[in-house]
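First comes the structure, then the notes that go with it.
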Amino acid sequence: MTICWVSSETPDRSGQGGQRRQFHLIRELHRAGFDVSVAHYASEQDSTSIRSIVPTVGLHPFGRGPIGRVRNRTWSRFDSWASDARPDIIIVAHAVSARLLPGTLRRNGVPILVDFHNVDSRWFSTIGDRCAAERERTRERRLLRRTTPIVC
């Protein structure tokens, strides 16, 4: 089974909590015999540890021109990467990373699983920001309708 892992941060054995968590999940999928490849935003985050176990690509989120064109170009890069991999499934690291989802694959019926370990609506509610909590709750509900959530 071919798995494409999509993340807005770089999975890293020595990174912060979420980066380490992703690294270990990917490593265990790889050890279990799954063909895993990772795409993440290119950044200053170190990709050495994840590149040592699975194919990894850092896609640069920035480009020239209006923000809409930059986003479309970025999504096109993720779409192209995932289409080339011909995945059986896509795993999205958390709800924020879902903004990177390849549109073509959604339309072609590739199952997309989202790990909802960071739920921003709950965090904004906790700090008392009702407007932000409602905005994120709307996004999360939309995402739940379009994907299959994983709760860990």
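What follows is calculated from the coordinates using simple rules that are stated; it is not laboratory data. Treat the numbers as computed from the prediction; the structure is a model and nothing was measured. Please note: Cβ atoms are built from the backbone with ideal geometry, for glycine as well, and neighbour counts cover all protein chains shown.
Rounded to 0.05, the FRET efficiency of the D46 and V119 pair, given R0 = 35 Å and the Cβ-Cβ distance, is 0.85.
Once both labels are positioned 7 Å from their Cα atoms along Cα-to-Cβ, the gap between I127 and D84 label points is 3.8 nm.
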